[in-house]
Amino acid sequence: MHITALAGGVGGARFLRGLLAAAPDADVTVIGNVGDDMTMHGLRICPDLDTVMYTLGGGIHEGQGWGRVDETFGVAEELKAYGVGPDWFTLGDKDIATHLVRTQMLGAGYPLSAVTEALCTRWELPVRLLPSTDERVETHVVVDDPEAPGGRRAVHFQEYWVRMHAPDARAIVSVGVEDAKPAPGVLEAIAEADVIVLPPSNPVVSVGTILNIPGIRQAVAGATAPVVGLSPIVGGGPVRGMADKVLAAVGVDVTAAAVAKHYGPELLDGWLVDADADASAVAEVEAAGIACRAVPLMMSSAEATRAMARAALDLAAEIAASHGSARPAS
Ligand code: FO1
């Protein structure tokens, strides 16, 4: 069975571990978000791609969900001694090696997809990890700033999230998205999938920024495979991160049902909401033309994460069977 997942950072990576446990024989392709990427100290940093790579490769700092386990910060301490900032974004020594390899390969002319493939080879990933695009498309967030002309300015997502701790967001901009195209293999992975999964990643700045790459939303909406998502919103709030702030920026209520309707029935065939907090949302989601089930959605253990991934695959199989889809999710 071929499964294709559109994943962001920490939540998406943790979910993928459960998906692999729920479908150990499946071929899984992960289309990763590049909107969080940025250049710092001359190094190209890809946080969401690295979080998937480290999490599934066994090198992740489990508590943080990003960066390396057993990390040291000798370089960061030296940069501080030189008074070279920014002080709000810390790069660990092991992590810097990843960025050095990536920056060197990009500088030699390799596209991000080739770089990602090379980096993942070392980690012997159990999935194929593709960037959503080889082009540079960075997420910027428009925030209030009384000193700025017009009282607003756009900041890079990393500054918005890490330095500013996600204040109210007025708009989300994918800089360069107009000139971007899906990376090699992305459209094929969508077309050839037996199941397409939207993990509980941020629906705006992770899954949303992947779907915004010209051609990807259309490919997912037109896929023969059932598309099943898991709500990142439980009980009216994000399980982690700042999805509430960026949902407000795009005018979507912070509820499990609103996010399903935001993706829309043209894209989404099935949606899982949390059984304890959001069972009452099932009727509203189904009324929008999206099959909906209420299951426990807190990734509180490996078993809990496997179970919710299994529930998503079971719903996909139900949908495929009811649609008589050409590719039953076996
Ligand atoms: N997040 C922080 O809150 N503080 C940091 O200093 C920080 C450094 C960092 C370095 C590399 C990397 O890949 C991720 C890093 N992150 C840090 C997390 C990052 O902001 C998030 O993982 C994603 O961008 C959100 O999905």
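The values are calculated or read from the model by the stated rules, or taken from the named source; none is laboratory data. Treat the numbers as computed from the prediction; the structure is a model and nothing was measured. Cβ placement follows ideal geometry from the backbone for every residue including glycine, while neighbour counts extend to all protein chains displayed. Surface accessibility is based on the protein's heavy atoms, side chains included, excluding ligands, DNA and RNA. Shrake-Rupley method; radii C 1.70, N 1.55, O 1.52, S 1.80 Å.
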Rounded to whole angstrom, the alpha-carbon centroid of the range 96-139 lies from that of the range 147-226 at a distance of 18 Å
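Using alpha carbon coordinates only, what is the Rg to Rh ratio of the chain, with Rh defined as the Kirkwood radius?
Values: Rg = 19.3 Å, Rh = 20.1 Å.
Radius of gyration over Kirkwood radius for the chain works out to 0.96.
Given a 1.4 Å probe and every protein chain left where it sits, what share in percent of the accessible area of the chain is carbon and sulfur? Write down the numbers at each step before the final one.
Details: 7340 of 13720 Å².
C and S fraction of accessible area: 53 percent.
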Tell me, what ³J(HN,Hα) does each residue in the range 58-71 have, in order and in whole Hz, if you take phi through Karplus 6.51 cos²θ - 1.76 cosθ + 1.60 with θ = phi - 60° and put x for Gly and Pro?
-> x, x, 6, 7, 4, x, 7, x, 8, x, 9, 6, 6, 7
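Over the chain, give the accessible area per residue in Å² for a 1.4 Å probe, as an integer. Mind dumping the intermediate values first?
On the way: 13720 Å² over 330 residues.
Value returned for the chain: 42 Å² of accessible area per residue.
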Between rounded, prolate and oblate, where does the range 177-330 land on the alpha carbon gyration tensor, with a ≥ b ≥ c its root eigenvalues, rounded for a/c under 1.5, else prolate if a/b exceeds b/c?
-> oblate
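Calculate, in nm to one decimal, what R240 and R163 gain on full extension: separation in residues at 0.36 nm each, minus their alpha carbon distance. Write out the running numbers ahead of the final one.
Details: separation 77, 0.36 × 77 = 27.72 nm, distance 1.69 nm.
Between R240 and R163, full extension yields an extra 26.0 nm.
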Please find, in a Gaussian network model of the chain (springs between Cα atoms separated by less than 10 Å), the residue of Y110, Y263, Y160 whose mean-square fluctuation is greatest.
-> Y110
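From the Cα gyration tensor of the range 138-178, with a ≥ b ≥ c the square roots of its eigenvalues, which class applies: rounded if a/c is under 1.5, or else prolate if a/b is larger than b/c, or else oblate? All intermediate terms of the calculation are to be shown ahead of the outcome.
Numbers: a/c = 2.21, a/b = 1.24, b/c = 1.78.
Oblate shape, in that a/c is at least 1.5 and b/c is the bigger or equal ratio.
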Show me 281-287, 11-17, 47-53 ranked by packing, highest mean number of other Cβ atoms within 10 Å first.
-> 47-53, 11-17, 281-287
Within straight-line cross-link reach of K181, lysines at Cα separation under 26 Å, skipping those fewer than 8 residues along the same chain | K261
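When the helix-only estimate is applied to the chain (DSSP H runs of n ≥ 4, each -39,500 (n - 2.57), divided by the residue count), what is the mean residue ellipticity at 222 nm, nearest 500 deg cm²/dmol? Show your work: numbers first, answer last.
On the way: 13 runs with 123 residues, N = 330.
Rounded to the nearest 500, it is -10500 deg cm²/dmol.
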Report W66's accessible area, 1.4 Å probe, all protein chains in place, as a number in Å² to the nearest 10.
-> 130 Å²
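Express the relative contact order of the range 179-330 as a whole percentage, based on alpha carbon pairs under 8 Å and six or more residues apart in sequence. Can you show the working numbers first?
On the way: 255 pairs, mean separation 33.4, N = 152.
Computed over the range 179-330, the figure is 22 percent.
Relative contact order (percent) for the chain, with alpha-carbon contacts under 8 angstrom and 6 or more residues of separation?
On the way: 679 pairs, mean separation 61.9, N = 330.
Computed over the chain, the figure is 19 percent.
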Could you point to the residue in L79, V252, L100 farthest towards the positive end of the chain's charge dipole, with +1 and -1 charges on the Cβ of Lys/Arg and Asp/Glu respectively?
-> L100
Considering only the chain, percent of DSSP beta bridges that pair antiparallel, nearest 5 | 40 percent
Identify all lysines with a Cα-Cα distance to K94 below 29 Å; exclude those on the same chain that are fewer than 8 residues away in sequence.
-> K80
